[in-house]
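Just so it is clear, none of the values below were taken in a lab; they were calculated from the coordinates. Treat the numbers as computed from the prediction; the structure is a model and nothing was measured.
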Amino acid sequence: MRARLAQDHAPNVPPAPPGVVRLRGLAGLSEFVEQAAPELAGNAMLCAVNQAAYLLKRQLESQGRTFLESGGFTEKLYESRSRRKESDRSDKSDRSDRSDKPLCPKCGKHMVLRTARKGPKPGQAFWGCSGYPDCKGTLAVRPSEKSDKSDRSDGSDS
Ligand SMILES: [Zn+2]
């Protein structure tokens, strides 16, 4: 607002006769108030107060519109916090997917834990490709993952 008032000049005011002070826009207000007659100075200050109140009202209205359109501070805080929590959660689940599920030796997809229904070792757990039945890659379940004596299992349900 100060910047705006500094630019408030009335360029077409005719030159003042000697001994008379003229107000040349709000930029010269303080100078005018110091030199003019008390009634004129008071009048000029009232005009300036009106102008300031009008500009403040416009600013409040504009902030109100912005608030309705794009939300307030609290809303934005909550939104960015939720977004962060969401991305943390998906990061974590990605990582756990990667760490405790092996990748298929044939196609590279994640594998899922299955139980052999038939084949040489029915009832035994093994890793099967998540791309099954397109990919029939399997892996033995390591003893740490499931207690088991045999190192390699070709358990398969196909
Ligand atoms: Zn596969």
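Computed quantities for the displayed model
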{"item": "Per-residue HN-Hα couplings for the stretch 110-119 [Karplus 6.51, -1.76, 1.60; θ = phi - 60°; Hz; x = Gly/Pro]", "result": "5, 10, 10, 6, 10, 10, 5, 9, 9, x"}
{"item": "Kirkwood hydrodynamic radius (C-alpha pairs) into Stokes-Einstein, the stretch 96-141, 4 °C and 1.567 mPa s, D in µm²/s", "result": "121"}
{"item": "Length released on extending from residue 115 to residue 34, taking residue separation times 0.36 nm less the Cα-Cα span", "result": "19.6 nm"}
{"item": "Amide proton proximity set for residue 23, modelled H, under 5 Å, gap of 5+", "result": "none"}
{"item": "Karplus 3J(HN,Hα) series, Hz, for the stretch 65-72 with 6.51 cos²θ - 1.76 cosθ + 1.60 (x for Gly, Pro)", "result": "5, 4, 4, 5, 6, 10, x, x"}
